[in-house]
There are 2 protein chains.
Amino acid sequence: MENNDFVKELGYLGFTMRLKRISDAMMHEGRRLYSDLDVDIEPNWYVIFKLLKSRGAKSVTEIAESIRMAHPSVIHITNKMMDAGYLISEKDPTDSRKRVLDLSTRAIKKLPEYEKIWDAGESGVEKALKGLDALELISTLEDKFFDKGFKERTQEQLKNKKS
Amino acid sequence: MENNDFVKELGYLGFTMRLKRISDAMMHEGRRLYSDLDVDIEPNWYVIFKLLKSRGAKSVTEIAESIRMAHPSVIHITNKMMDAGYLISEKDPTDSRKRVLDLSTRAIKKLPEYEKIWDAGESGVEKALKGLDALELISTLEDKFFDKGFKERTQEQLKNKKS
DNA sequence: TATATTTGCGTAGTTAACTACGTAAAAAGT
DNA sequence: ACTTTTTACGTAGTTAACTACGCAAATATA
């Protein structure tokens, strides 16, 4: 691997971009993996499978909150999973605005096969990151940038400089 | 901030997704920042400004390699910067396939103003991450996942499990 | 009880990266 | 010198997130 990485030279200024590059690269690898394995699922589906398996049926908004995604993203993902036959959807009997999603029997039948892949993926990541405090750092990043974001922090710095 | 984060509970399995979420969130904050400040630039442009300022004129492919992006992405970004009047583009005299990009005089005139913003952004990130080995971890992630990706690591694990 | 607000869901449009492929020029091979 | 391969760039199409907005149902308020 060459070392011509200009973004790396930029220090903290390049941090966000480097984060995105790695995230994009890993995401992309994930897609290639599924396509190589010739499996009928897509990258982010695992989190829906796991969530509904462990917590039972949930509405769209509940899912969005549980995984910290915007609800339109959840609709998009779960619609594709429904088309593939992995989810069932029912109106909530007490609140007709809500649509409650749950795993189909097909999903439950297929889960063991898919969990082997996810376990292998997890082991691979774990092996690569063991001893690096990576999960702790991610938690810190979440704490620091989910509540008071990058924007607010920059604006504070701009104000400080003026005084 | 509530602590209903299911992805966090997934350990290393949720690592990639958490990385993407933070990256997306920071990216989004960046866009909001520029829109709040009412400046005529977009998030990733800074890296092109900085690169051409420090290294001088470069071709599309050279830029792509320097910042580790696919060349169509560079074309996309630099076309917008050209439309905004920040870049000039010329054919390479010795190789007519190449298109060489450089900062315009307008860009050079505007740079000090923009660098104030970027400095503030960098300070904000630095303050949030100081003492956390964040840059070191990013470097490790790059080393581990740019060369031998997530896919290959998972496939190794799948093989191991079978034996 | 009537009105106003909040909540849940869906659609539409935006953003920013990527791969795949095509074309033309340059370089390498025979 | 001719042919093949590589390189550089551009376009088209895909993916996956987001915000903004609108509608309808439920809840709160007057």
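Read-outs throughout are calculated quantities, based only on the coordinates presented, and are distinct from any laboratory measurement. Computed from a predicted structure; not experimentally measured. We place every Cβ from the backbone using ideal geometry, glycine too, and count neighbours over all the protein chains shown.
Restricting the search to the range A:30-61, which residues are charged (D, E, K, R) and either facing another protein chain (nearest Cβ under 8 Å) or away from DNA strand D (no atom under 16 Å from the Cβ) (or both)? Walk me through how you get there before you give the answer.
To start, the set of residues in the range A:30-61 that are charged (D, E, K, R) comprises A:31-32, A:36, A:38, A:40, A:42, A:50, A:53, A:55, A:58.
Hits for the range A:30-61 are A:R32, A:D36, A:K50, A:K53, A:R55, A:K58.
Name the residue, out of A:M27, A:M81, A:M69, A:M17, that is outside any helix (DSSP H, G or I) and either more than 11 Å from DNA strand D (Cβ to nearest atom) or free of Cβ contacts under 8 Å to residues at least 40 places away in the same chain (or both).
Numbers: A:M27 fails: outside any helix (DSSP H, G or I); A:M81 fails: outside any helix (DSSP H, G or I); A:M17 fails: outside any helix (DSSP H, G or I).
Of the residues listed, the single one that is outside any helix (DSSP H, G or I) and either more than 11 Å from DNA strand D (Cβ to nearest atom) or free of Cβ contacts under 8 Å to residues at least 40 places away in the same chain (or both) is A:M69.
Are there any pairs, at least 6 apart or on different chains, whose C-beta atoms fall under 6 Å, with the first in the range B:96-122 and more than 8 Å from chain A (Cβ to nearest Cβ) and the second among the charged types (D, E, K, R), and if so, which?
Final answer for the pair search is B:K98/B:D92; B:V100/B:E90; B:V100/B:D92.
Looking at A:T61 and the list (1) surrounded by 15 or more Cβ atoms within 10 Å (Cβ to Cβ); (2) touching a His at 6+ places or on another chain (Cβ under 8 Å), which single condition is not satisfied?
Just one mismatch for A:T61, condition (1).
Select from the range A:8-17 the residues that are away from DNA strand C (no atom under 11 Å from the Cβ) and either at the interface with chain B (Cβ under 8 Å from one of its Cβ atoms) or crowded, with 19+ Cβ neighbours inside 10 Å (or both) and list them in ascending order.
A:K8, A:L10, A:G11, A:Y12, A:L13, A:G14, A:F15
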